[in-house]
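Take a look at the structure below.
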Amino acid sequence: MATEIMTVNMGPQHPSTHGVLRMVVELDGEIVQKITPHIGYLHRGVEKLSEHRTYHQTIPLTDRLDYLAPMSNNLGYVLAVEKLLGIEVPERAQTIRVILAELTRLKSHLVWIACHALDIGAMTVFIYAFREREKVMELYEKISGARMTSNYFRVGGLSSEVYDGFERDVREIIDTFPGYFDVYEGLLTKNTIWLQRTVGNGVISAEDAISYGITGPALRGSGVDWDLRRDNPYSGYEKYKFAVPVGEKCDTFDRYKVRLVEMREAVKIVKQALESLKPGPILADDPQVCYPPKENVYNTIEGLIHHFKIASEGFPVPEGEVYQSVEAPKGELGFYLVSDGGPKPYRMRIRPPSFVNLGAIEKMAKGSMLADLVAVIGTLDIVLGEIDR
């Protein structure tokens, strides 16, 4: 019997696309033949905007890339600027950055497992994971004043000292979360429906994953043992012991297992960082770059003028170019910065993991059923704010 290729639009408002992603899907019956992603609905011109803002004023723009992981975005950007400047960040600030980056990983992965499970029909995990995520959101709010757009890291350190009770709140999270992970696994790992929807679905080999530039859990799910925190460490990650999980069958189930193990390893890193946290400064000793202490701003005219000049005029950065990347929850997040010696970036280019990972969706889903495409989108864990920039 002759068949006819049918073209359908999936998105940009489809619930499983997790944002304003539109895909034009060509189908032979229910079998996916071709996928063409259409992006750009959330384009804000972040890279161009940065050319008209000082280095400090650019930090809030990075909050809004992967809005599920603002502190990871902040970290990648400030590390790039600090690399250009050649300044050293105090140990206490580095340790707090690691704690918050790993809590951000937990927060991001919790949203992933919640939405991924809901897409495949498991509503209970969705409710549980959002309950746990709320604990990290509350900590975010206490430390930065915002639940999502934290804007907490600064070039040279942190915007302020952590609040009283910070260590207690972090310890409560790392003590209780492993038990919640057991619950998720109990609900999903041996669930017949979950296995039918994920095992053997969305397969991409290690060679193909590398050639497409995939990074993060999606790459490790294909058996590639690569993690920037261990293989190109920053912010003192070389001091912490943690395992890098990898998959064997390169499918959606392997990527699910990789992210679950990563959450357990993130808890271990936070525990080690908390134990090594010592009193000390949270900003580098560089008055030309770092804001003065708040008490100086409030009580002295010199401190007020100092703060005003940095906030309004910025600081000059030596001519040059750098690339700095971090292991964000979704993969390698990189910032390429070019300085012409002025107080604003001459050029900023962002390498967003979601954008690069999305490029492999046709390779992963071609030949599968249309219903399985939903699981493939979920396993990539994309955020459109980062893709469109």
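Since every read-out is calculated from the coordinates, none of them should be taken as a lab result. Values in this document were obtained by computation on a predicted structure and should not be read as measured data. When we count neighbours, we look across all protein chains shown, and the Cβ atoms used for this are built from the backbone with ideal geometry, even at glycine.
Overview of values
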item	result
Relative counts (whole %) of C-alpha pair distances in the stretch 253-389, using bins that are 5 Å wide	2, 8, 10, 12, 12, 13, 13, 11, 8, 5, 4, 2, 1, 0
In order through the stretch 70-80: 3J(HN,Hα) via Karplus (6.51 cos²θ - 1.76 cosθ + 1.60), integer Hz, x for Gly, Pro	x, 6, 5, 5, 4, 4, x, 5, 5, 5, 5
Share of alpha-carbon pairs per 5 Å distance bin for the stretch 155-277, given as whole %	2, 10, 15, 17, 17, 15, 11, 7, 4, 1, 0
Using distinct alpha-carbon pairs, which all enter the 1/r mean, Kirkwood radius of the chain in Å	21.8 Å
Label-to-label distance, nm, for residues given as residue 189 and residue 285 (7 Å Cα→Cβ offset)	5.0 nm
Residues whose placed amide H lies under 5 Å from that of residue 347, excluding near-sequence neighbours	338
Contour minus Cα-Cα distance for residue 30 and residue 232 (0.36 nm per residue)	68.4 nm
Square roots of 5 times each gyration tensor eigenvalue, C-alpha, the stretch 1-134, largest first, Å	38, 22, 11
Reach of residue 249 by Cα under 20 Å, taken over aspartates and glutamates that are not fewer than 8 positions away in the same chain	185, 207, 208, 225, 227, 262, 362, 372, 381
Dimensions in Å of the stretch 211-259 - Rg and Dmax from alpha carbons	11.5, 33
³J(HN,Hα) computed for each position of the stretch 297-302 - Karplus, 6.51 cos²θ - 1.76 cosθ + 1.60, integer Hz, glycine/proline x	5, 6, 10, 10, 5, 5
Cα-based Kirkwood hydrodynamic radius, the stretch 323-375, one decimal, Å	13.6 Å
Phi-based couplings in Hz for the stretch 101-109 (Karplus 6.51, -1.76, 1.60; Gly and Pro marked x)	5, 6, 5, 5, 4, 4, 4, 5, 5
Quarter of the Cα convex hull surface for the stretch 110-165, i.e. its orientation-mean projected area (nm²)	4.7 nm²
Distance from the stretch 106-150 to the stretch 313-371 (C-alpha centre basis), Å	24 Å
Interchain or long-range residues, amide H under 5 Å from residue 27's placed H	6, 7, 8, 33
